């Protein structure tokens with residue numbers, strides 16, 4: 001019997017990578033809250049996860065230097081501009097409260113995926129070592 005690690009972990013390993021990328025983007029938005037002309041960015045987590053899990057329709061990349069149709073590099077999530085609710089006079093579109101809420105939610109979901117993976121790994125270790133006495 002062979003064990004496929006990717007199937008055992010499900011999409012949580014990919015989800016953690018995407019959540020990490022999203023945390024970086026949200027942190028950059030918060031850091032540039034006072035930068036004139038800065039446009040807040042984000043990624044569509046669900047769309048990207050569907051695409052990386054093979055459920056989305058995407059073009060096939062045959063070379064590492066090819067760009068994806070959405071302008072992202074292979075392995076990187078495509079970046080979108082956030083639609084501002086109240087743009088500032090200086091052109092900045094960062095809403096600090098919205099960014100902080102998105103960052104907190106993303107961090108909680110990252111932690112949930114991490115806990116899931118930890119429980120799967122503990123299960124594998126138990127299966128390999130056998131029952132503890």
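The values are calculated or read from the model by the stated rules, or taken from the named source; none is laboratory data. Note that this is a predicted model, so its numbers are computed, not measured. All Cβ positions, glycine included, derive from the backbone under ideal geometry; neighbour counts span all protein chains shown.
Filter the range 22-46 for residues that are part of a helix (DSSP H, G or I) and crowded, with 18+ Cβ neighbours inside 10 Å; which is modelled with the lowest pLDDT? Step by step, filter the range 22-46, then rank; the result is 22.
Criterion applied to 107, 127, 102 was being touching a residue at least 24 places away in the same chain (Cβ under 8 Å), in a helix (DSSP H, G or I) and loosely packed, with under 15 Cβ neighbours inside 10 Å, and the one residue passing it is 107.
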